[in-house]
Amino acid sequence: MANLPYSLDLSSDNRASKTDEGPRPPHDDLPVKPPYEHSTISRLPSELIALIFKALAAAHRESIYPYTWGQRGWHRLGWIRVTHVCRYWREIAIQNSSLWCSIDTGLGLPFLEEQLARSKSSPISWSIHSDISPRQIALVSQHLFHIKHLSCTDLLGRPGEFAEKVLTRPAPLLERLTITESTYSGQSQLLTILPSGIFADSTPSLRCLSIRGAQLPWLLPTLSNLVELKINAVTTALYSTPSGSACSPINGRPIPASSLIYYALPQMRSLRTLHLAACLPEPTTEGHEIVDMPYLEDLRLTGEVTSCGQLINHIIIPPRCRLLLHCVLTPTGRLGDAEFIVPLLVRCAGSAKYATTMLFSDKNVSLSLHESPNDDAASMTLDQWCTPGLLGRINLAIRCEDNAPQPPDWCSYTLISKLSEGLSPVDIHSLSIVWTSPAFEPYRLWHKAFKAFHNIRHLHVCHFSMVMLAIAWSPVVRDAWGPLLDQEQLPTAEDLRAFPHLASLSLLAITPDQNFLGLTFHEALQEALIERKNSDMALQKLSLVRCKMEEDEVEHLKELVPTLRWEKYEDEQ
C-alpha cells in the first residue's frame, strides 16, 4: 500500500474510528443505526445517504484523470473521500456494491482489487488504459461474468495474451465493448484483428461495439443483436481498404476479407447506428443482397469514393436517417465515380425544407443539409447553419487524396455544379457558400456553378465569394473586376439574375476599403445592390457579420435595403 496516496485507505476492515468494535451488520445490509445519534446527518436513513453517494459518485468518479495537484501529489479521489468522514458513512459506502462498479486501473493494482471485491457480483464497467499487466489480464478474465461495459485503450505489449485470456471467454452480461488502438504504436504491440470466436460466441447482451485501429471478423453470430456498430480500422492511410483474403460463406471461394461485410449486413438489421471508416470493401462485380435497415438512425461511411458508393447502394436507408459520407478521390479516380451521390441525396432529403452549407477549396467540397422547416432563415446566426463541423441531417465531403496528384478531371466548381443541378428538386431555401483555402482561385463560371439553387431566399457568403457574386450582379463591377476572370465567359444579362428570389444576404468578414483594380469592396457591394434594386430584385435584409466598416458606409447601405444588421468587427467594439 505504500505506493498509494496515504489518504486512500483501501482496507474494508479499517474504519475512520477504531472505537466501538462491536458486531457489524450483515455484508449485504446497510447500517441501521448511526454511531453519532445527536448529529443532524445521523437522522437521515442509511438508504437515503446511499442514494446521495450514488449521485455524488456519478458526478465525481474516482480517477487520476484529469490530474489535479493536491497537498500530497498527483491524484484525485473524487467521491471516495466520503468514506474518510466517519465510520457510519464508510459502512454505507463499502456495503453498497453499486458504488464500486466503475472500474479504472489508473489508481493501481491494490485499489483495483479492492474495488472488484467491493463490487461483489454487481454489473461493472471496466476501463483499461495501456501497459496492462498479466495480473490485470487475469482479473479481467475472472470477472468477465459480470462485466457490463468494457473499454480497452492501447493494449501495449500483450495484445495476444489479452485476446486469448479475455476475448475468447464468455461474457454473458456484456452490453458495450470499446477497443481503441492508437496508430503511433508499433503493429507488433497492437491488437490488429479481433478473434474469430470472440467471447466464445456467448455475448447475448451485446448491443454496442466500437473498434478503432483493429479489424472485425464480420461473420460473428453476436452481431445480430447489435444496435450500434462503429468500426474505424484506421491506419496511416485513412481511406485504405484492409488487405487479406477469406473464404466465401456461400461457395468457399477466396474473396477479399473486407467483402465479408456484405454477408454480415443481413444479420444486422436491428442497427440504429453504423459508422464504418477505413474498412470498406473493395469494389466488386459480384452481386450481394440489398439490405433493408428500418431502424437505422445514423449512417457514416468514410473511404474511397467507389467503395462508399457500392456499399451504400446495398443499404435501404430509412427516410429520417442521418447520413454522413466522407469520400476520397485517388489520383486514378474521376468525378464520374461520385455520380451515385446526387440521387442518394435527393432520395434521402425527401420533401423537407433545408438550409445548406457549402464549404469548398481547390481540393475538396463539403455539403451539409440542415433541416429547417421555417424558410425565414434571415434571423439565423452563422453558428446555427454555417459552422464547419456542425453536422446536418445529410452531410457529404468529397476530397482529393492528401499529398497526391489530383484526378485528371477534378474541378471543385464542376462538382458543385453537378451537386446544385442534382439537388434542384430539393427545397433548399438558405445557402452558405464559404471558400476555405487561404488563396482564392477566381473561376469564370462561379455564378453558373450555384445557379441551380434557384429557390434560395437567404444567402451567406464569405469575402472571396462576394467578389464573384458582385461580378455576376453588376455590369459596373464586371467591367472593373473582369480582368480577374477569363474575358470570354463573363456574366451575361441573364446571369445578373442569379438567385432571383433572394430576400436576405449575409456577408462574413468583409473589409470594405480593400481595393481591387480601382474598385473597393464597399463600392462593389453598393453597385450590386443598386443593380438588383433596379431589376426588381431588391434585397429585404443585409447582414454584415464581423465586417470592418465605417458608420457612414453603413448608412449608405441602409438606403438600399429596408433592414440592415451590422455585427461590428472585434477591434471596433
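The values are calculated or read from the model by the stated rules, or taken from the named source; none is laboratory data. This is a predicted model, so every value here is computed, not measured. Note: ideal-geometry Cβ built from the backbone for every residue, glycine included; neighbour counts use all protein chains shown. Heads up: the accessible areas ignore ligands, DNA and RNA and are worked out on the full protein's heavy atoms, side chains in. Shrake-Rupley method; radii C 1.70, N 1.55, O 1.52, S 1.80 Å.
Considering each of S182, S196, S151 in turn, give the residue that is among the polar types (S, T, N, Q) and either part of a strand (DSSP E or B) or at pLDDT 85 or above (or both). Step through it out loud before you land on a result.
On the way: S182 fails: either part of a strand (DSSP E or B) or at pLDDT 85 or above (or both); S196 fails: either part of a strand (DSSP E or B) or at pLDDT 85 or above (or both).
Testing whether each residue is among the polar types (S, T, N, Q) and either part of a strand (DSSP E or B) or at pLDDT 85 or above (or both) leaves just S151.
Could you tell me which residue of the range 301-347 is nearest to P283 (Cα to Cα), considering only residues that are open to solvent by 40 Å² or more (accessible area, probe 1.4 Å) and among the aliphatic types (A, V, I, L, M)?
It comes out as I316.
Taking the range 282-318, which residues are farther than 18 Å from I341 by Cα, of a type outside the set (D, E) and free of Cβ contacts under 8 Å to residues at least 60 places away in the same chain?
Residues satisfying the conditions are T284, T285, G287, H288, V291, M293, P294, L296.
Quick one: which strands (runs of 3 or more DSSP E) lie wholly within the range 350-468 and hold at least 2 residues that are at pLDDT 85 or above, open to solvent by 10 Å² or more (accessible area, probe 1.4 Å) and not hydroxyl-bearing (S, T, Y)?
Values: elements: 353-360, 364-371, 394-400, 427-435, 458-461.
The strands (runs of 3 or more DSSP E) meeting that bar are 353-360, 364-371, 394-400.
Determine the pairs where a residue that is among the aromatic types (F, W, Y), located within the range 454-473, has a partner that is modelled with pLDDT under 80 with Cβ atoms under 8 Å apart, the partner being 6 or more residues away or on another chain.
So the pair list comes out as F464/F440; W473/L496; W473/A498.
What pairs come up if the first residue lies in the range 501-522 and is in contact (Cβ under 8 Å) with a residue 60 or more places away in the chain and of a type in the set (A, V, I, L, M), the second is surrounded by fewer than 21 Cβ atoms within 10 Å (Cβ to Cβ) and in a strand (DSSP E or B), and their beta carbons are under 8 Å apart, counting only those six or more places apart or on different chains?
A503/K541; L508/V545; L508/R546
With the requirement that a residue be touching a Ser or Thr at 6+ places or on another chain (Cβ under 7 Å) and part of a strand (DSSP E or B), what does the range 286-302 give you? Explain how you work it out, then say what you get.
Let us first name the residues in the range 286-302 that are touching a Ser or Thr at 6+ places or on another chain (Cβ under 7 Å), namely 295, 297-298.
Within the range 286-302, D298 is the sole residue that qualifies.
I'd like to verify a number: residues in the range 102-148 that are out of contact with any Lys or Arg (no Cβ under 8 Å at 6 or more places or on another chain), in a strand (DSSP E or B) and open to solvent by less than 30 Å² (accessible area, probe 1.4 Å), how many?
Residues meeting the conditions: 4.
Can you tell me which residue within the range 303-348, out of those that are under 20 Å from the mean Cα position of the chain (by Cα) and assigned to a helix (DSSP H, G or I), is farthest from L265 (Cα to Cα)?
Checking each candidate, the answer is L345.
Of the residues that make up the range 258-266, is at least one at pLDDT below 75 and of a type outside the set (D, E, K, R)? Break it down stepwise before answering.
In the first step, residues of the range 258-266 are kept if they are at pLDDT below 75; the result is 258.
Now drop any that are not of a type outside the set (D, E, K, R), which leaves 258.
The answer is yes; a qualifying residue exists.
When you go through (1) modelled with pLDDT under 80; (2) in contact with a strand residue (DSSP E or B) (Cβ under 9 Å, 6 or more places away or on another chain); (3) within 19 Å of T302 (Cα to Cα); (4) aliphatic (A, V, I, L, M) one by one for A237, which number turns out not to apply?
(2)
Looking only at the range 521-558, how many residues end up being under 37 Å from the mean Cα position of the chain (by Cα), of a type in the set (K, R) and not in a loop (DSSP other than H, G, I, E, B)?
2
Pairs only if they're at least six apart or on different chains, beta carbon under 6 angstrom, first in the range 323-334 and over 11 Å from S366 (Cα atoms), second part of a strand (DSSP E or B) and hydrophobic (A, V, I, L, M, F, W, C); list them, first residue then second.
Pairs that qualify, where the first residue is over 11 Å from S366 (Cα atoms) and the partner is part of a strand (DSSP E or B) and hydrophobic (A, V, I, L, M, F, W, C), are L323/L299; L323/I394; L329/C400.
In the range 321-350, which residue that is among the charged types (D, E, K, R) and in contact with a Leu (Cβ under 9 Å, 6 or more places away or on another chain) is farthest from K230 (Cα to Cα)?
Taking the range 321-350 as the starting set, the residues that turn out to be among the charged types (D, E, K, R) are 322, 334, 337, 339, 347.
Among the residues that remain, those that are also in contact with a Leu (Cβ under 9 Å, 6 or more places away or on another chain) are: 322, 337.
Values: R322: 15, D337: 25 Å.
The selected residue is D337.
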